[in-house]
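Contents: one structure, followed by commentary.
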Amino acid sequence: MPMRYRLLEHTADALIEAYGRTLSERFSNAAYAMFDQITEVSAVRTMGEASISLSADSAEQLLVDFLQELLYLHDTENLVFAEFDVHTDGKTLMATVRGEEFDKNRHQKRAVVKGVTYHNLKIDDDLQKVVLLLDV
């Protein structure tokens, strides 16, 4: 499996570079990277799923909205996700995400992700990556 993402050097927050041949794959890997900051994603069982449908004026706005929606589900329903089936054209997004409720006995709490910022946000189709900053 190719590398999904890497954590870049940043003083306080989590600067992530997520990869993928398609925009959909990059969005999926960005979501994976975000939840991997929250907990060890490999320990998350895919017992339940949620569907997300969004639209925005730009791919950047759509990525932020998507990740913020996932954070909302995490914060309000205590859910963590490990699988992200994303379909996007950069203006609309349909996603099915799979995971479970956070279990402090099985899941290690890594970081509290407070939000997704527009600072340093970049979607690069030529290099097949997205760069985003998570407020932790």
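The values are calculated or read from the model by the stated rules, or taken from the named source; none is laboratory data. All values derive from a computational prediction rather than experimental measurement. Here the Cβ is made from the backbone with ideal geometry for all residues, glycine too, and neighbour counts use every protein chain on show.
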Can you find a residue in segment 40-59 that is outside any strand (DSSP E or B), without any contact (Cβ under 8 Å) to a residue 12 or more places away in the chain and more than 14 Å from the chain's Cα centre (by Cα)?
-> no
Scanning segment 72-113 residue by residue, those modelled with pLDDT under 95, touching a strand residue (DSSP E or B) at 6+ places or on another chain (Cβ under 8 Å) and over 25 Å from K129 (Cα atoms) turn out to be H107
Flagged in segment 75-96 as out of contact with any helix residue (DSSP H, G or I) (no Cβ under 7 Å at 6 or more places or on another chain), of a type outside the set (S, T, Y) and more than 17 Å from T22 (Cα to Cα), in numbering order, are D75, E77, N78
Residue hits (segment 102-136; among the acidic types (D, E) and touching a residue at least 40 places away in the same chain (Cβ under 8 Å)) are D125, D135
Of the residues in segment 119-136, those that are of a type outside the set (S, T, N, Q), more than 14 Å from I16 (Cβ to Cβ) and either modelled with pLDDT of 95 or more or surrounded by fewer than 12 Cβ atoms within 10 Å (Cβ to Cβ) (or both) come to D126, L127
(request) Kindly indicate whether F84 is crowded, with 16+ Cβ neighbours inside 10 Å and touching a Ser or Thr at 6+ places or on another chain (Cβ under 7 Å). (result) yes
Counting only residues in segment 11-30 that are among the charged types (D, E, K, R) and either in a helix (DSSP H, G or I) or in contact with a helix residue (DSSP H, G or I) (Cβ under 6 Å, 6 or more places away or on another chain) (or both), the one surrounded by the most Cβ atoms within 10 Å (Cβ to Cβ) is identified as R26
**Asked** Does at least one position in segment 32-48 carry a residue that is more than 26 Å from N105 (Cα to Cα) and of a type outside the set (D, E)?
**Response** no
Would you confirm, using the coordinates I've provided, whether T76 is outside any strand (DSSP E or B) and polar (S, T, N, Q)? yes
